[in-house]
Structure formats: C-alpha cells, structure tokens
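A quick write-up on the structure given underneath.
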Amino acid sequence: MKAWIDGAIVEGTEARIPVLDHGFLYGDGVFEGLRVYAGRVFRLDDHLRRLGTSARAIGLRLPGTDALREIVLATARAHGAPDAYVRLIVTRGTGSLGVDPESCRAPRTVCIVDDVTLFDAEKEAAGLDLVTVSVRRPAQDVLDPRVKSLNYLNSVLARREARLRGADDGLILNAAGNVAEASGANVFAVRDGAVLTPPATDGSLEGVTQRTLLELGRDLALPFAERSLGRTDLLGADEVFLAGTGARVVAVRSLDGETIPGATPGPVTLRLREAYLDRARRQGTPLRLPEPRVD
Ligand code: PMP
C-alpha cells in the first residue's frame, strides 16, 4: 500500500493524520474510489468531476483538478501494480474540537493505493444474497446521498445489518420505500430485456460505473431506463445485479430469501460484466509504468 499525504508519498502503513482533522472527528470531507486496470486509471475525469460536485455541496475548496490528477497518477505509479484500487480523500483539515468548519484552515488531501475486495471470488461467481435492511437512505435535505462524503455510517449500518442477518449486502430503501442502492454500489434490475436502475434522486450516488453501463447499453443496443423501483420490482425481475467501482458488475442471487428467477448470473448481467471489464482494460488515463525488465 502507498499513500500520498501532506505532499509526500509514503508506505501506506506509515501515513498518519492528526487527531484534530475534521474528516476523522466529524466525517467532514469528500472522497472517491477509483480503479486502475492494466496500468490505466479508469474514468479519472468522471471521478474528479464528482469529487468537485461533492466538495461544492459541502463548501470545501479542493486543490485544482490538475493537481488532484497528478496526485492520483503519482501515487498509483509509486504503488506500481497494473491493477489496483485508489482512494482519493479531501478532508476539511485540522481544526479545533467543535463542528465549526471555520476553525479548519486548509483542506487535507490523502490518496491511498492498495488492493480491494468487496465480495470474495466465490460470491462474485455465484451471485450475492441481499436482504432489505431496516436502515433507510436519508432524504436529500438530511444528508444528500449524491454527495460522496466521508460520512458513510448509513452504509456501514446497512452492511452490518445485512451481515448479521447472514446476507452479503443490504438493499437500502428511501423513506418512501423505493429502492435507493446497496451499501456501496448501484442496483439494477433486468426485465423483459430492459435494464432498469433508480434515479439518483431516489437516494443513490450517481455512479460512474452506472454511467459506463448506460453507455455500454447504447453500444450493445440494450435498452436502459432510469426509473423508481420497489422491492417487488426486484423480486419480479429476470435478473438483478449491483455495479460500482469496487464491486464492478456482480449478480444478485437472492433477495430476502427469495431466489431471483433468471439464471444467476443471468445473460444480460454476464454480457454487461464482460463489456465493462473489456472497456476498463482498454480505456483510461495511462500511468506510464516502467516496462518490466526482461533479463
Ligand atoms: N453507491 C454507493 C453508496 C457507493 O459507495 C458507490 C461506490 N463509490 C456506488 C454507489 C457506485 O459508484 P461508482 O460506480 O462511481 O463507484
């Protein structure tokens, strides 16, 4: 693991943040999770744009986009693996005890590059078991789920509840009972050949993977629609899958103990998964890693 912190790249285990950083104290900050495939950072500009939107939503001033891009590329290069996971974080910075962000003079940027496993390989192949969790996604005027802030307790509690109930992840509904998303991925249902996913206004992050799949759908002539979905829509779907940078494209095998009827993983899920991984390996901002030595 490598980390960029306070202007230097260090071994990840050596990186430290002060206890008065408001990211640590209050979850006051924003972040992005990106992946490196075959020596290229996938959708770097999309992630930086979303980070910018999240930062504006909480009134946090970011370093310039070029500086952030360089931090990501330099840290990933120092890590050196052609396939890796990148976590880019900007906190409000060090301040005093007390929530007032005015006490924080300078935002702190941290970039971590490591491996990540959201679900084990066996689960990825067989499909995930989900349960509808009791914790709901907050409304936009409570804590806007479109803002990728360091305040992830809602997702943590959803995932914890799902695990306690023997499932792999939680299906999170909004206050109206519509599907929002999973703890760290967007939700998709396939019905009669069309791929349906809830709009972000139903309580989800505007996923970079979600947008990539939408583009792939166009190329593959697969109809896609953003539509509010209830739990029953998922139970009646031919296929259900999750998608996100960490999760990639992963089938859902059951919801609340009911098997999703289509073959798991179903044909549309498999097609999109393959197309997604193929695009991820070909497209992206190159790290320009040194050529491996052949002695
Ligand atoms: N929803 C949540 C809550 C997430 O944490 C993530 C992962 N960043 C996603 C959706 C998927 O977003 P993306 O495809 O941009 O990784």
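The values are calculated or read from the model by the stated rules, or taken from the named source; none is laboratory data. The model shown is predicted, which means the values in this text are computed figures rather than measured ones. Cβ atoms come from the backbone with ideal geometry, glycine included; neighbour counts cover every protein chain shown. To get the accessible areas, we keep the full protein, side chains included, count just its heavy atoms, and leave off ligands, DNA and RNA. Shrake-Rupley method; radii C 1.70, N 1.55, O 1.52, S 1.80 Å.
Share of pairwise Cα-Cα distances greater than 17 Å in the range 164-205 is 36 percent (whole percent).
Considering every alpha-carbon pair of the chain, the percent of pairs per 10 Å bin, from zero through the bin containing the longest distance, is 6, 27, 34, 24, 9, 1, 0.
The string of couplings for the range 96-110 from the Karplus curve (6.51, -1.76, 1.60, θ = phi - 60°) is 9, 5, x, 6, 4, x, 4, 6, 8, 7, 9, x, 10, 9, 10 Hz, one whole number per residue in order, with x for Gly and Pro.
If R0 equals 22 Å, the separation of the Cβ atoms of Arg227 and Asp192 corresponds to a calculated FRET efficiency of about 0.95. Give me the percent of DSSP beta bridges within the chain that run antiparallel, rounded to the nearest 5. Among the beta bridges of the chain, antiparallel pairing accounts for roughly 80 percent. Spatial offset of the range 82-106 relative to the range 214-243 amounts to 35 Å, using the alpha carbon center of each.
Across the range 38-53, rounded Karplus estimates of 3J(HN,Hα) from the backbone phi angles (6.51 cos²θ - 1.76 cosθ + 1.60, θ = phi - 60°) give 6, x, 10, 7, 7, 6, 3, 5, 4, 5, 5, 5, 5, 4, x, 5 Hz, Gly and Pro being marked x. Sorting Glu181, Glu11, Glu291 on solvent-accessible area from highest to lowest, probe radius 1.4 Å, gives Glu291, Glu11, Glu181. Sorted from greatest to least, the principal axis extents spanned by the alpha carbons of the range 221-276 come out as 28, 22, 21 Å.
Taking 0.36 nm per residue of separation and subtracting the Cα-Cα distance, what length does fully extending Arg211 through Ala74 add? Write down the numbers at each step before the final one.
On the way: separation 137, 0.36 × 137 = 49.32 nm, distance 2.62 nm.
That pair, Arg211 and Ala74, stretches by 46.7 nm at full extension.
Each 10 Å bin, from zero up to the one with the longest distance, holds this percent of the alpha carbon pairs of the range 1-123: 13, 42, 33, 10, 1.
At a 1.4 Å probe radius, carbon and sulfur cover how many percent of the accessible area of the chain? All intermediate terms of the calculation are to be shown ahead of the outcome.
On the way: 7130 of 14010 Å².
Summing carbon and sulfur atoms, their accessible area is 51 percent of the total for the chain.
Counting Lys and Arg as +1 and Asp and Glu as -1 over every other residue whose Cβ lies under 9 Å from the Cβ of Ala180, the net charge comes to 0.
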